[in-house]
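Scroll down for the structure; my scribbles are underneath it.
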Amino acid sequence: MIQLQEYLRYIVTLTAVLDPFLAIPIFISVTGAPEYGGSRRLAQVVTFTVFFVLAGAALFGESLLKAVGASLAAFQVGGGLVLLLMALAMLNAKVGEMRQTREEAAELEAGEASGVVPLAVPLLAGPGAISTTIIAAQAGGWAHIIALIACIALVCALLWSLLRVAPSVGERMGTTGLNVATRLLGLILAAIAIQTMAEGLKRLFPTLAQ
């Protein structure tokens, strides 16, 4: 039951971090340009890119932490801080520079960047999603990693289903509806971010748990 709750928590966290509702207006603006081709093809490419980036983080995250000499506790605090900054931007219904800087947004508007970059990376599979996956991957062995990759595939399927009908979703929900959905996900993400930081601080400073 505990493992099931952890997987459900990861699915909810990853969904909130990716926040396809925040990406829908950007996706629509990109696919509106002739040079990017069909929206469904781009949705497929973006989704596969997000999946492979996060699956790679699940497979090689532990090796990365060992290579840089960072403890899981320290990474939890840092990753939680990244999630909190993203959540604060989402509560204001903004992309935030953690996902996309002004320069990257300008390149995308000018057609100087591809649809995959910065849509898939770093807007969707950015620091928040990658750090969340690396933290979650530290809890077990290969069976756990496979289960995490299955969770990533499930969330990516949801992402793909929304992006492929992005124009319809954007038209029906409108700017206000998309912003409300983003704010709700931001509220959930803020709570998870604080929980992640608290767990990391308890590991760094065991006296805090007493």
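The values are calculated or read from the model by the stated rules, or taken from the named source; none is laboratory data. As the structure is a prediction and not an experimental result, all values here were calculated from the model. Every residue, glycine among them, receives a Cβ derived from its backbone with ideal geometry; neighbour counts consider all protein chains shown.
I'd like the full set of residues that are without any contact (Cβ under 8 Å) to a residue 12 or more places away in the chain and hydrophobic (A, V, I, L, M, F, W, C), limited to the range 158-179.
Start the filter on the range 158-179 by keeping residues that are without any contact (Cβ under 8 Å) to a residue 12 or more places away in the chain, which leaves 161, 165, 168, 171-172, 174, 176-177.
Passing the criteria: only 165.
What pairs can you find where one residue is in the range 54-78 and surrounded by 13 or more Cβ atoms within 10 Å (Cβ to Cβ), the other is among the polar types (S, T, N, Q), and their Cβ atoms are less than 6 Å apart, with a gap of 6+ or different chains?
Close Cβ pairs (under 6 Å, with a partner that is among the polar types (S, T, N, Q)) amount to 54/133; 57/133; 58/133; 72/138; 76/196.
Kindly indicate the residue of the range 1-25 that is modelled with pLDDT under 85 and either in a helix (DSSP H, G or I) or touching an Asp or Glu at 6+ places or on another chain (Cβ under 6 Å) (or both) and also surrounded by the most Cβ atoms within 10 Å (Cβ to Cβ) among those meeting that condition.
Taking the range 1-25 as the starting set, the residues that turn out to be modelled with pLDDT under 85 are 1-3.
Narrowing further to those that are either in a helix (DSSP H, G or I) or touching an Asp or Glu at 6+ places or on another chain (Cβ under 6 Å) (or both): 2-3.
On the way: 2: 6, 3: 11.
Per the criteria, the residue is 3.
Condition first: part of a helix (DSSP H, G or I), more than 18 Å from the chain's Cα centre (by Cα) and more than 26 Å from residue 53 (Cβ to Cβ). Can you find one or more residues in the range 151-168 that meet it?
yes
crowded, with 20+ Cβ neighbours inside 10 Å, in contact (Cβ under 8 Å) with a residue 40 or more places away in the chain and over 23 Å from residue 46 (Cα atoms): which single residue out of 186, 200 fits that description?
Values: 186 fails: over 23 Å from residue 46 (Cα atoms).
Exactly one residue qualifies, and that residue is 200.
Check whether at least one residue in the range 109-132 is hydroxyl-bearing (Ser, Thr, Tyr), surrounded by 14 or more Cβ atoms within 10 Å (Cβ to Cβ) and at pLDDT 90 or above, and report yes or no.
First pass over the range 109-132, keeping only residues hydroxyl-bearing (Ser, Thr, Tyr): 114, 131-132.
Retained after the next criterion (residues that are surrounded by 14 or more Cβ atoms within 10 Å (Cβ to Cβ)): 114, 131-132.
Restricting the remaining residues to those that are at pLDDT 90 or above gives 131-132.
Yes, there is a match, as at least one residue in the range 109-132 is hydroxyl-bearing (Ser, Thr, Tyr), surrounded by 14 or more Cβ atoms within 10 Å (Cβ to Cβ) and at pLDDT 90 or above.
Return the only residue of 187, 163, 148 being modelled with pLDDT of 90 or more and more than 27 Å from residue 81 (Cα to Cα).
Details: 187 fails: more than 27 Å from residue 81 (Cα to Cα); 148 fails: more than 27 Å from residue 81 (Cα to Cα).
One residue alone meets the criteria, 163.
Restrict the check to the range 118-136 and report whether at least one residue is of a type outside the set (Asp, Glu), under 23 Å from residue 58 (Cβ atoms) and not in a helix (DSSP H, G or I).
yes
Please give the number of the condition residue 163 fails out of (1) more than 25 Å from residue 76 (Cβ to Cβ); (2) surrounded by fewer than 22 Cβ atoms within 10 Å (Cβ to Cβ).
Only one criterion in (1) more than 25 Å from residue 76 (Cβ to Cβ); (2) surrounded by fewer than 22 Cβ atoms within 10 Å (Cβ to Cβ) is unmet by residue 163, namely (2).
For the range 71-108, enumerate the residues that are over 14 Å from residue 193 (Cβ atoms), in contact with a helix residue (DSSP H, G or I) (Cβ under 6 Å, 6 or more places away or on another chain), assigned to a helix (DSSP H, G or I) and at pLDDT 80 or above.
Matches in the range 71-108: 73 only.
Here are some residues: 145, 192, 149. Which one is among the β-branched types (Val, Ile, Thr), crowded, with 20+ Cβ neighbours inside 10 Å and within 19 Å of residue 7 (Cβ to Cβ)? Don't jump to the end; show me each part of the working.
Numbers: 145 fails: crowded, with 20+ Cβ neighbours inside 10 Å; 149 fails: crowded, with 20+ Cβ neighbours inside 10 Å.
Only one candidate passes the filter, namely 192.
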